[in-house]
Structure formats: C-alpha cells, structure tokens
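Note sheet for the following structure.
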Amino acid sequence: MSILVTGGAGYIGSCAVAALKEKGYEVVVVDNLSKGHKQAVGDVKLYIGSVGDETFMHKVFTENKIDAVMHFAAFSLVGESMLHPYEYYNNNVAQSMHLFHSMIEHGVKNVVFSSTAATYGEPEENPISEETPQHPINTYGQTKLAIEDMLKWFGVAYGLNSMSLRYFNVAGAHPSGNIGEDHNPETHLIPIILQVALGKREKLSVFGNDYPTKDGTCIRDYIHVMDLAQAHILAMEYMLKNNCSDEFNLGSGGGYSNLEILNAARKVTGCEIPSVFEDRRPGDPPVLVATSEKAERILGWHRQYGIEDIIASAFAWHKAHPNGYDE
Ligand code: UDP
C-alpha cells in the first residue's frame with residue numbers, strides 16, 4: 001500500500017514518514033522545502049513542488065498508485081498568521097483545495113488531515129472534546145477550520161473520506177535521534193528550553209505569570225511526535241477499513257504549566273536553564289488540554305510516552321544536531 005505524505009520533509013511529516021516505513025508502507029513525499037529539510041526524508045521518493053500545483057500533482061498521482069494521503073504541508077505559526085493572513089489562506093486553504101481536487105480527479109479518496117487545537121480558540125471548557133465548539137481566535141486556526149469544513153463538503157459531494165486530527169502541543173523526536181524539530185526561527189517552548197540547556201541561548205523568557213492557573217503560567221497538553229505519528233497510521237487504517245470520515249483530538253488528557261515543563265527539563269537534562277518572566281504573548285489562551293478518549297476508544301490509540309520521554313528524546317536530537325539539519 002502506498003501513502004503520499006505532503007510536508008513529509010517537515011518536523012511532524014518526517015516522523016510520520018519514518019513510522020509508516022517502519023510499519024511496511026510504501027511512502028512518497030511531496031514537499032516544496034520552503035520550511036522542510038531534504039535530509040529528514042531519508043531514502044524515500046521525494047517530489048519537490050507545491051501540493052496546490054495541479055499539473056505537478058498530476059505527475060505525482062500518475063507516476064504512483066496512491067491509496068491514501070497524509071496532508072501535513074502548511075504554515076503553522078500563530079503570530080506570523082496574524083501578520084500575513086493572505087499567505088496563510090493561500091498556502092493552507094487554497095493549496096489544500098487544489099490538492100483535494102487533484103486527489104478526486106485521480107480517484108484518491110482518503111486523506112488524513114493535520115488540524116489543530118487552535119481551531120478551538122479560547123474554549124470555555126477543559127478538557128476539550130471533539131464536541132467543544134470551534135471558534136478560532138487567530139488566522140492559523142481559522143485556516144485549519146476552513147479546511148476541515150471544506151473536507152466535509154467534499155465528502156458529501158465527491159465521496160472524499162477524511163480524518164481531521166486536531167493536535168495539541170507536539171514535541172519530542174524520533175528514537176534514533178536523527179529526525180527532530182528544526183524550525184527557523186524556533187518559537188516553541190520545549191526546543192527553546194533545550195537550546196538554553198545546550199548554551200545556544202542565554203535564558204528562557206516565560207511569557208506571562210499572571211494567568212488564572214496554579215502557578216500563573218499557561219498550561220498546555222504535550223504529545224510525543226511518535227505517538228502522534230502512530231495516531232495518523234491508526235486513523236488512516238480505520239478510514240480505509242470503514243470507508244468513513246471523522247475527527248479526533250490528539251493530546252495526553254493532562255496538562256503541564258510552562259514552569260512545570262521548565263522544571264521537568266532541568267531534571268531530565270541536569271542543566272540549570274536560567275529563566276525570566278516576561279509579558280504575556282498575545283493570543284495565548286491560559287489552558288488548552290484535550291480529552292483523547294475518542295481516539296483511544298475508536299482507533300485503539302495508546303500513548304507510549306510521557307513528558308520526561310518527550311523532553312529526553314528532544315534533548316538527544318538537539319545534542320546530536322545542535323545546528324539542526326544544517327551540519
Ligand atoms: N512560551 C514561553 N516562552 C517561549 C516560548 C513559549 O513562555 O519562549 C510559552 C507560550 O507562551 C505558551 C507555551 O509556552 O504558553 C507553549 O507555547 P508554544 O509556542 O510551544 O506552543 P503553542 O501552545 O503556542 O502552540
């Protein structure tokens with residue numbers, strides 16, 4: 001069985017490629033390498049181009065018999081999305097629309113879609129279930145919700161099956177220590193903490209200590225990237241077997257405050273990791289925690305990794321690749 005992974009040179013996509021290969025799937029990657037890294041793809045067949053270029057995708061779909069698509073390719077930075085909504089609507093919504101159109105034209109009717117907790121905005125309830133109303137508060141979340149909605153209508157009209165997976169905070173690295181997070185600029189909490197641990201940054205700025213939480217810092221729900229990759233495979237297999245569409249939250253069912261993450265990283269790395277409090281970062285909801293009960297019940301998904309495993313695997317990656325893939 002052959003799976004097309006869009007954005008397969010990116011952080012989460014490349015970990016999914018590795019997990020698919022480990023499970024015996026044939027994999028084809030499409031990535032325009034605007035954010036991704038060629039080295040992250042390994043020996044998998046890579047097409048360099050845009051998922052929204054229907055001429056290019058015609059070549060991909062005619063040269064390969066694809067059974068399902070995992071669609072990771074997207075821009076995913078909240079702050080950037082607020083400054084550049086045109087680029088976000090174009091790169092996320094418009095390009096996805098052309099990808100789905102190409103799929104339908106070539107009779108490929110199954111897609112696993114990378115959605116996000118950002119589609120929920122500032123929910124009134126925590127933990128967040130799939131029934132929690134989706135009211136995004138930033139352009140990034142809004143573009144992902146627009147794609148979820150598009151998939152529903154494409155399902156009704158064209159019989160396109162889709163699994164929309166709403167991720168919470170993804171971190172960690174492949175157990176080999178050779179596939180991991182390499183963003184430029186880096187904005188995420190765990191990689192930044194580890195860059196401080198490794199002396200690549202002077203200190204961590206903790207954004208806000210006056211939130212209505214136990215220690216005043218934001219609470220997030222962290223999931224290991226390899227647990228996330230397994231969830232994609234389970235969702236794809238379920239969709240292919242049952243010829244259906246659905247949506248699932250993927251988190252851990254529990255949350256950690258930013259200070260708890262900092263302390264866990266100090267413990268795992270044995271490093272001091274200096275920190276200072278700074279103002280809140282605009283657009284940060286105080287608490288985002290998922291219930292993943294639905295994915296566990298329906299997909300049979302079981303997380304293997306806890307927060308210390310997440311930090312330890314990310315630390316191993318950053319130690320082995322202090323400059324990311326550019327060595
Ligand atoms: N955060 C922080 N300092 C940083 C980066 C992030 O205090 O240098 C906080 C951020 O404000 C949020 C949490 O860490 O409360 C998680 O942020 P991240 O960007 O990792 O993920 P998000 O939840 O925004 O997807």
For segment 273-293, pairs from a residue that is within 14 Å of T119 (Cα to Cα) to a residue that is in a helix (DSSP H, G or I), with Cβ under 8 Å and 6 or more apart or across chains, are G283/V78; G283/G79; G283/M82; L288/A117; L288/Y120; A290/A117
Single residue of segment 161-179 satisfying the filter (at negative phi and in contact with a Phe, Trp or Tyr (Cβ under 6 Å, 6 or more places away or on another chain)) that is farthest from the ligand (Cβ to nearest atom)
S162
Condition check: assigned to a loop (DSSP other than H, G, I, E, B), modelled with pLDDT of 95 or more and either surrounded by fewer than 20 Cβ atoms within 10 Å (Cβ to Cβ) or polar (S, T, N, Q) (or both). Does E272 satisfy that?
yes
Give the residue, chosen from P175, P185, that is over 28 Å from D284 (Cβ atoms) and part of a loop (DSSP other than H, G, I, E, B).
P175
Residues satisfying the stated conditions in segment 143-172, i.e. in a loop (DSSP other than H, G, I, E, B) and surrounded by 21 or more Cβ atoms within 10 Å (Cβ to Cβ)
L160, F168, G172
Suppose we filter S96, S102 for residues that are polar (S, T, N, Q), under 30 Å from P285 (Cα atoms) and crowded, with 17+ Cβ neighbours inside 10 Å; which single one remains?
S96
Picked from segment 31-54 (must be touching a strand residue (DSSP E or B) at 6+ places or on another chain (Cβ under 9 Å) and hydroxyl-bearing (S, T, Y)), the residue nearest to A18 (Cα to Cα) is Y47
Of those in segment 191-209 that are closer than 16 Å to N323 by Cα and either part of a helix (DSSP H, G or I) or of a type in the set (A, V, I, L, M) (or both), the residue nearest to the ligand (Cβ to nearest atom) is I192
Take K35 and tell me if it is in a loop (DSSP other than H, G, I, E, B), among the charged types (D, E, K, R) and under 30 Å from N323 (Cβ atoms).
yes
Can you say whether Y305 is more than 16 Å from the ligand (Cβ to nearest atom), within 21 Å of the chain's Cα centre (by Cα) and touching a residue at least 24 places away in the same chain (Cβ under 8 Å), as far as the supplied structure shows?
yes
So which residues in segment 280-298 are farther than 20 Å from V170 by Cβ, out of contact with any helix residue (DSSP H, G or I) (no Cβ under 9 Å at 6 or more places or on another chain) and more than 10 Å from the ligand (Cβ to nearest atom), if there are any at all?
R297
Only one of (1) within 21 Å of the chain's Cα centre (by Cα); (2) without any contact (Cβ under 8 Å) to a residue 40 or more places away in the chain; (3) under 23 Å from Y158 (Cβ atoms) is not met by V41, so which one is it?
(3)
Q230 meets each of (1) out of contact with any Ser or Thr (no Cβ under 8 Å at 6 or more places or on another chain); (2) over 22 Å from I3 (Cα atoms); (3) crowded, with 17+ Cβ neighbours inside 10 Å; (4) polar (S, T, N, Q) with one exception, condition (2)
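The values are calculated or read from the model by the stated rules, or taken from the named source; none is laboratory data. In this text, all values refer to a predicted model and were calculated from it rather than measured experimentally. So basically every Cβ, Gly included, is an ideal-geometry build from the backbone, and we count neighbours across all protein chains shown.
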